[in-house]
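Read the structure below first, then the notes.
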Amino acid sequence: MRQTGAIADFGRRIMDNVDRVMVGKRDVSELILVALLCEGHALLEDVPGVGKTTLARSIARSIGGDLRRVQFTPDLLPSDISGLSYYNQKLGDFVFRAGPVFSNVLLADEINRATPRTQSALLEAMEERTVTIDGETMPLPRPFLVLATENPIELEGTFPLPEAQLDRFLLRISVGYPDAEQEADMLVRLQHAHPIDSLESVATPDDLVGAARQVREIHIEPELRTYIVAIVRATREHDAIELGVSPRGTLALSRASQALAALRGRDFVIPDDVKAMVQPVLNHRLMLSPDARLRGRTTPSILHEILESLRVPVELA
């Protein structure tokens, strides 16, 4: 089987498994898989009750490995995430007790309820995949993935994520409401027991690491690289944007396009892959100007405007 066929099969197994729990969220599952295959992190942002935490748990269980969940609250300390050294009287020495960050999947529930100091404890872990405690730097398990959730509506008692932290998330994803038919199906599925209680893994962490390595081999034509750079540079020159996308965002858009192509069974990227990933990869990396915000302009509409203004490379036969 071709490498891309193996990756597509890997993704299909995960999404089919998640479909046992989540109704009508296959497109969202696919986006999270893009983040996993890029060894990136995903921020699930939407109103309460749409299944953000359940979706994150379903993905984590499906890929196997060690899952740790942290409920972020204002009194959560950095050491509650990273761990700490304590004095063991029996041994007569200091012993390190690892925190939940030493896991394959860290589910950071309601991440914006923690203080900035605690949020910043994740920065090194998300970018470098290491944790430094008492001057000693320790590697995290591989794969290491942060699946975070937040509620953008309820602002009381929350601490908005700083730009530096948002930029560490490969994707920001909105889960959305189900349609009427899907919501009725949900009532049937959950009548007796929640299906996540019996959900089992259909892959291993090693499968994920291997698939992520293969994704980097997906071909991108030079014209498409130029297109990706043009999209990012347009965000820096747009009059409604105060702060455009960083070079980290350029790399994120390129890698996410490769992952999407692989999940769809191709060993090359097409323009539609890039266009599909623009919103989830870039929408949290922009800062609108005060005038644009006053006029009610939104990041998604501006990104759509940028895509419409650029020439799309002609797909090669």
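Read-outs throughout are calculated quantities, based only on the coordinates presented, and are distinct from any laboratory measurement. Worth saying up front: this structure is predicted, and the values here are computed from it rather than measured. Please note: Cβ atoms are built from the backbone with ideal geometry, for glycine as well, and neighbour counts cover all protein chains shown.
Can you bin the chain into rounded, prolate or oblate? Criterion: square roots of the alpha carbon gyration tensor eigenvalues sorted a ≥ b ≥ c, rounded for a/c under 1.5, prolate for a/b above b/c, oblate for the rest. Mind dumping the intermediate values first?
On the way: a/c = 1.41, a/b = 1.26, b/c = 1.12.
Cα axes put the chain in the rounded bin.
Name the residue, out of 201, 62, 301, whose mean-square fluctuation peaks in a Gaussian network model built on the chain with Cα pairs under 10 Å. Fluctuation is largest for 301. Taking 23 Å as the straight-line reach from the Cα of residue 275, the lysines in range (excluding those fewer than 8 positions away in the same chain) are 25. Loop exposure criterion: GluC sites (Glu not before Pro), DSSP state outside H, G, I, E and B, at most 16 other Cβ atoms within 10 Å. Applied to the chain, the longest stretch between such sites is 1-153. Structural size metrics of region 15-71, computed from C-alpha coordinates, are Rg and Dmax of 10.9, 29 Å. Estimated at 0.36 nm per residue, the fully extended path between residue 9 and residue 293 surpasses their Cα-Cα distance by 97.9 nm. Each of 89, 103, 122 was scored by the projection of its Cα onto the charge dipole of region 82-126, and the greatest displacement toward the positive side belongs to 89; charges sit on the C-beta of Lys, Arg, Asp and Glu. Count Lys and Arg as plus one, Asp and Glu as minus one, and take only other residues whose Cβ is under 12 Å from that of residue 139; the net charge is then -1. For region 46-116, rounded, prolate or oblate, judged on the Cα gyration tensor with a ≥ b ≥ c (square roots of eigenvalues), a/c < 1.5 rounded, else prolate if a/b > b/c? Oblate, since a/c reaches 1.5 and b/c is not below a/b.
In µm²/s, what is D for region 169-317 at 10 °C and 1.306 mPa s, where D = kT/(6 pi eta Rh) by Stokes-Einstein and Rh is the Kirkwood radius from Cα pairs?
Numbers: Rh = 17.9 Å.
Value of D from the Cα-based Kirkwood radius: 89 µm²/s.
Among rounded, prolate and oblate, which fits region 81-170 when a ≥ b ≥ c are the square roots of the eigenvalues of its C-alpha gyration tensor, a/c under 1.5 means rounded, and a/b larger than b/c means prolate? Judged from the Cα gyration tensor, region 81-170 comes out prolate (a/c at least 1.5, a/b above b/c).
For region 225-251, the residues whose backbone nitrogen is under 16 Å from a point 7 Å from the Cα of residue 163, taken along Cα to Cβ, are 233-250.
Exposed loop sites, defined as trypsin sites (Lys or Arg not before Pro) outside DSSP H, G, I, E and B with at most 11 other Cβ atoms within 10 Å, are absent from the longest region of the chain, namely 91-294. Normalised by the number of residues in the chain, the average gap of Cα pairs under 8 Å and 6 or more apart makes the relative contact order 23 percent.
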